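Asks: One structure, as structure tokens, below. Some questions next.
Each value in this text was obtained by applying a stated rule to the coordinates, not by laboratory testing. Note that this is a predicted model, so its numbers are computed, not measured. As a convention, Cβ positions derive from the backbone with ideal geometry for all residues, glycine included, and neighbour counts pool all protein chains shown.
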Amino acid sequence: MSTNKDFISIKALEDGVNVIGLTRGSNTKFHHSEKLDKGEVMIAQFTDHTSAVKIRGKASILTSNGEIESDSKK
Ligand code: TRP
């Protein structure tokens with residue numbers, strides 16, 4: 001199980017930030033989408049089901065590899 005692994009933290013810096021989970025395995029596709037409004041935080045792990053996360057919108061993302069900011073389109 002993967003419940004003792006590192007967490008990633010995503011803080012929305014605008015309304016309507018999307019956090020999209022992509023499946024692990026040979027077939028990579030969306031399996032989960034979460035919408036965050038400004039100031040909301042999501043704390044998540046990579047699991048047996050989730051190998052990648054796509055973030056749309058302006059957010060601050062903290063991982064064990066460092067901190068990065070995504071930007072909004074406009
Ligand atoms: N049920 C999903 C899983 O265990 C939930 C999940 C884990 C998730 N990490 C995520 C959803 C990151 C979105 C983003 O894989």
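Asks: How large is ³J(HN,Hα) for each residue in the stretch 54-71, as worked out from phi by the Karplus curve 6.51 cos²θ - 1.76 cosθ + 1.60 (θ = phi - 60°), to whole Hz, x for Gly and Pro?
Replies: These are the phi-based 3J(HN,Hα) values: 10, 10, 10, x, 7, 8, 9, 10, 10, 10, 5, 8, x, 10, 9, 10, 8, 10 Hz.
Asks: Report the residues of the stretch 48-74 in range of a label on LYS5: point 7 Å along Cα→C-beta, backbone N strictly under 15 Å from it.
Replies: Of the residues in the stretch 48-74, 48-54, 63-65 have backbone N under 15 Å from the label point off LYS5.
Asks: Let me ask something else about it. Which value results for Rg/Rh of the chain when Rg is the Cα radius of gyration and Rh the Kirkwood radius based on the inverse mean 1/r?
Replies: Radius of gyration relative to Kirkwood radius: 0.97.
Asks: Grab the Cα-Cα distance for ALA52 and GLU14, subtract it from 0.36 nm times how many residues apart they are, and report the gain in nm with one decimal.
Replies: 11.5 nm
Asks: If I take every Cα pair under 8 Å that is 6 or more residues apart in the chain, average their sequence separation and divide by the length, what percent do I get for the relative contact order?
Replies: That works out to 38 percent.
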